[in-house]
Structures are given as C-alpha cells and as structure tokens.
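Report on one structure; see the data block that follows.
The values are calculated or read from the model by the stated rules, or taken from the named source; none is laboratory data. As the structure is a prediction and not an experimental result, all values here were calculated from the model. When we count neighbours, we look across all protein chains shown, and the Cβ atoms used for this are built from the backbone with ideal geometry, even at glycine.
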Amino acid sequence: MEQKNKIISSINRTRITSDKVNLSVSVSKIKKDTHSLSKMYDFKKYMDSSDMAFPEEMHEMIPKDTPPYLDNGEHYVERIGRALKFFKQCALIGPSGTGKTHIVYLVAELAGLPIWEINCGLATSVFDLFGRYVGLGKENWIDGLITGWCRKGGILYLDEANMMKQDVATKLNPLLDQRGHMVLTEKDSEIIHRHKHAYMIISMNPVSSEFAGTKPINAAMRRRMSVWLNFDYMSIGENIDEKEIKMVSERGGISLSDAECIVKIGARLRKEYKMGDLPYGPSIGDLVNWAKICSDGASIAEGGDETLVPMTSDDQEVQNEVRQIIKKVLQIKTIIKTL
Ligand SMILES: Nc1ncnc2c1ncn2[C@@H]1O[C@H](COP(=O)(O)OP(=O)(O)O)[C@@H](O)[C@H]1O
Ligand SMILES: [Mg+2]
C-alpha cells in the first residue's frame, strides 16, 4: 500500500500542471487509501480528523502515507489516542528502533494533526525552541518550534526527552498542565495559551542498568505525564514474532526462510544490546534493508557485512562479535536443512 500511495502521489505531482480532471481522480484514490488505514484502527472514538481544522500552510506538516504499525494485540495506536484525548499528552518508553517515531507519525495522520518534532539530544538552543528577534522592533520576532506549537496546535513530539537541557525543561514546565500557558519573557512577557488541539508526546530509552548513558527524566515532566506506554522489539532473544518475519520478507523481497534467519540474527543482536554487550540493536527497518541487499543476490552473510556489521560499530572487535552471531544462526539453519 505504501508503494501504491507513493506511485499515486508522484502521478499526482506530475499531473498538477497538465490535467485537472486526472488530478481529482488520483486525489480521491489517496483519500480511499488513508481511509483504509483508519479502518485498521479503532481510533475515531478518541480523535476524529474531521474535528481538526488547521490553516493551509500547516497541511504539509500532517504526515501522509504512514505504513501501518504492527503489534501483538497491544493496541498501541488506540491507547495513544485515548491518552491524548483524556490528558493531552503521554510518554513512550522503549529502546531505539522499536517504532516510537513511526507510531507518532501514524497517530498524527489518523488524527489529522501537524507534527512539531524535536530531538532533545541534539544541541538545540532555547532560542530555536522558543523564539528570537532577528532584527530591531517587535515585528522582527520569530516564534521557535515550541512557541509555534503552543499557538497553532498539533503534536509536539519530544524525542529523547530525558536528554532535555535544564533551561529548556524549566521553560516547558508551565506548559505541561493541560490548560497550560507559556510566558515569553524575551518578548514583552507575552502570554500564550496552549492551543485546544496542542498535544504532546515524549519518548525516550528506558532508564535501567542495561542502558548505559540514559538518565531519568526531569521530575516535573514525569509528574505531569499520566500515561506511559512501554515499547519493545517484536522479536528478541529466542522470542521470534512471525509477523516480523512476514514483514521482512514482504518489504525486503526475500523468502520467508531467509527472512526468518535475518530476524533470528536481529533478535540475538537486540538481546546483546539490551544487556549492554553491543552498542546498537537493529530495528525492523534495519533488517528490511539487509533483506533488500539479499534480494539482489547477496548472501545473508554478505548482506550483513554491508549493513548491520558496520552499523553496529566501527570497532573491529565488536564487528567480529556481530559476525559470529550471524555465523552461528546461519550454521543452525544449515543443520536444520540437512536433517
Ligand atoms: N511495530 C512496528 N510496525 C511497523 N514498523 C515498525 C515497527 N517497529 C519498528 N518499525 C520500523 O522500524 C524502523 C525504526 O522505527 P522508529 O520509529 O524510528 O523507532 P524509534 O523511534 O523507536 O527509534 C522504522 O522503519 C519503523 O517503520
Ligand atoms: Mg525515534
């Protein structure tokens, strides 16, 4: 479906200048596809995109053609919808590559909400986030991302929220109450009330001894998050999810048995990552990319050498560890085959 939508939107773009009749036909097809996505989730009871109205210039901030989010009956999409409806905000916890960003985009698409995305781990200044003067005089004020979200609404997605700098956290706190507001001290102390459709989702890695380098989230923010959803890899260690195998096979264009092998390797690497023995755990997207290389004729080992091995680390020793894991799973596969 993703592919189909992409094709349709590229057809769409080329026809904009030439043929208005064809354009309207392809637009209705897109609507139909978005509609089928909304049929997959029982989301409307929490948030309805037809209740949302945003100015034209914000439309391109609303995600489109987001692939479905697969889970094992946890109903994450609906639970995020419920949290946003009841509390306006929620927190997603899980190691990287477990689909947190993906699901935020999906929820935004289903709800018809624009996304304002900030990675708190990057060196983003208070000025970028809240605003600044770019010249003399009041008219030369430019809103930062958080200020823009507060005024205009949408989903503010704060990734790696536990890495947020203290000066940003302090300014954000008054906004975290449901009917919060912000005071722009830099701009005549203007008071901006939180837009009625201004939702916030924060995400982070779990804080545990397993994850070196993570720190707990700021206490004020923790108190104001009523709902916390835990995410994990679909397959991990010896626990292999058939749906992940199917997805890697379909998206990567390889056989189910090769996909099973790649997922089993990925699951082992993730376990090592969670135990702190490897610096990276592969996402399903990484496994699909590996599969794509194999679909072009490379063996699983060759594909791994070009994708996951160097992706995990630059360190030769770590790379060899990954190669060993790949080798072990491939050996098991050959043994099973010869039985
Ligand atoms: N449950 C899932 N269903 C569909 N795609 C998933 C799922 N989990 C992860 N992915 C895919 O894995 C990749 C990494 O996901 P991402 O959202 O960036 O993870 P995170 O934000 O947790 O680090 C993306 O390509 C995403 O589409
Ligand atoms: Mg992410």
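Listed by first and then second residue, the pairs linking a residue in the stretch 152-163 that is in contact (Cβ under 8 Å) with a residue 24 or more places away in the chain and assigned to a loop (DSSP other than H, G, I, E, B) to a residue that is small (G, A, S) and more than 11 Å from ligand 2 (Cβ to nearest atom), with Cβ atoms under 8 Å apart and 6 or more places separating them unless they lie on different chains, are G153/A198. Say we look at the stretch 97-127 and pick out the residues that are in a helix (DSSP H, G or I), hydrophobic (A, V, I, L, M, F, W, C) and out of contact with any helix residue (DSSP H, G or I) (no Cβ under 7 Å at 6 or more places or on another chain); which of these is nearest to ligand 1 (Cβ to nearest atom)? Looking at residues that are in a helix (DSSP H, G or I), hydrophobic (A, V, I, L, M, F, W, C) and out of contact with any helix residue (DSSP H, G or I) (no Cβ under 7 Å at 6 or more places or on another chain), I get V104.
Before we move on, is E160 surrounded by 15 or more Cβ atoms within 10 Å (Cβ to Cβ), away from ligand 2 (no atom under 14 Å from the Cβ) and within 21 Å of the chain's Cα centre (by Cα)?
No: the conditions fail for E160.
Look at (1) part of a loop (DSSP other than H, G, I, E, B); (2) away from ligand 2 (no atom under 16 Å from the Cβ); (3) among the β-branched types (V, I, T) and you find that I146 fails only one, number (1). Exactly one residue out of S295, S235, S283 is touching a helix residue (DSSP H, G or I) at 6+ places or on another chain (Cβ under 8 Å) and either surrounded by 18 or more Cβ atoms within 10 Å (Cβ to Cβ) or in the same structural domain as V77 (by TED's automatic domain parsing) (or both), and it is S235.
Pairs are defined by a Cβ separation below 9 Å, a sequence spacing of at least 6 or placement on different chains, a first member in the stretch 115-126 that is in the same structural domain as S203 (by TED's automatic domain parsing) and closer than 22 Å to P55 by Cα, and a second member that is of a type in the set (S, T, N, Q) and modelled with pLDDT of 95 or more; the pairs so defined are E117/T101. Determine whether E260 is in a helix (DSSP H, G or I) and at pLDDT below 95. Judged against the criteria, E260 is not a match. Could you tell me whether the stretch 111-118 includes any residue that is within 16 Å of ligand 2 (Cβ to nearest atom), within 17 Å of the chain's Cα centre (by Cα) and within 30 Å of I245 (Cβ to Cβ)? No, the conditions are met nowhere in the stretch 111-118.
The condition of being surrounded by fewer than 16 Cβ atoms within 10 Å (Cβ to Cβ) and not assigned by TED's automatic domain parsing to the domain that holds G285 holds for only one of G135, G153, that being G135. Filtering the stretch 245-280 to residues that are closer than 30 Å to V207 by Cβ, out of contact with any helix residue (DSSP H, G or I) (no Cβ under 7 Å at 6 or more places or on another chain), away from ligand 2 (no atom under 16 Å from the Cβ) and not aliphatic (A, V, I, L, M) leaves K271, E272, K274, G276, D277. Taking L92 as the residue in question, decide whether it is of a type in the set (A, V, I, L, M, F, W, C), out of contact with any strand residue (DSSP E or B) (no Cβ under 9 Å at 6 or more places or on another chain) and within 16 Å of ligand 2 (Cβ to nearest atom). No, not satisfied. Any residue in the stretch 177-194 that is buried (at least 19 other Cβ atoms within 10 Å of the Cβ), closer than 22 Å to A108 by Cα and either assigned by TED's automatic domain parsing to the domain that holds Q319 or away from ligand 1 (no atom under 16 Å from the Cβ) (or both)? So far as the stretch 177-194 goes, yes, one or more of its residues are buried (at least 19 other Cβ atoms within 10 Å of the Cβ), closer than 22 Å to A108 by Cα and either assigned by TED's automatic domain parsing to the domain that holds Q319 or away from ligand 1 (no atom under 16 Å from the Cβ) (or both). When the criteria are applied in full, S226 meets the requirement of being away from ligand 1 (no atom under 11 Å from the Cβ), modelled with pLDDT under 95 and either over 20 Å from Y69 (Cα atoms) or among the hydroxyl-bearing types (S, T, Y) (or both).
Matching residues to (1) over 14 Å from L110 (Cα atoms); (2) loosely packed, with under 14 Cβ neighbours inside 10 Å; (3) touching a Lys or Arg at 6+ places or on another chain (Cβ under 9 Å); (4) modelled with pLDDT under 90:
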residue	(1), (2), (3), (4)
L37	no, no, no, yes
D42	no, yes, no, no
Y46	no, no, yes, no
P55	yes, yes, yes, no
I62	no, no, no, no
D65	no, no, yes, no
N72	yes, yes, yes, yes
E78	no, no, yes, no
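In the stretch 51-79, the residues that are outside the structural domain of I115 (by TED's automatic domain parsing) never reach a residue that is surrounded by 15 or more Cβ atoms within 10 Å (Cβ to Cβ) and in a helix (DSSP H, G or I) with C-beta atoms less than 7 angstrom apart, at least six apart or across chains.
Of all residues in the stretch 299-339, which are small (G, A, S) and either outside the structural domain of L287 (by TED's automatic domain parsing) or more than 28 Å from the chain's Cα centre (by Cα) (or both)?
Those that are small (G, A, S) and either outside the structural domain of L287 (by TED's automatic domain parsing) or more than 28 Å from the chain's Cα centre (by Cα) (or both): S299, A301.
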